[in-house]
C-alpha cells in the first residue's frame, strides 16, 4: 500500500465464510449483504489460535480435511508389507493433495 502512496492502516482485508463457526452446535449465519461478519479476532477468541489455524490448514487441502487414522494406517501397512519390499528411496506424501 505504501508503494502506491497509501498509508498501511488504510488497507483492510475481509475474509468471508472461510470456516463454519458453530455456537451451541448451530452454525453462525453470516451475510455479506447485511454486513454480518465474525471477525478474525472473534474467531480466535472463541476457538483459540491453534484450532483456527488447524481448520484453515485443513480447508486449504483439495480434500478439505485431514487424513483419517485408518487412511494413514493403511499406508503404513502397505509400507510394511511384502508388496513394498522392493521400494527404496521413495517419499510418500500424505497431505490430502496440499502439495499437488
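Brief remarks on what is shown
- Simple spin-label estimate for residue 20 and residue 63 in nanometres, 7 Å along Cα-Cβ: 1.9
- Were the residues from residue 10 through residue 85 laid out at 0.36 nm apart, the gain over their Cα-Cα distance would be 21.0 nm.
- Peptides 59-67, 85-93 ordered by average Cβ neighbours within 10 Å, highest first: 59-67, 85-93
Each value in this text was obtained by applying a stated rule to the coordinates, not by laboratory testing. The shown structure was predicted, so the numbers you read here are calculated from the model rather than taken from an experiment. Here Cβ is always computed from backbone atoms with ideal geometry, including for glycine, and neighbour counts include all displayed protein chains.
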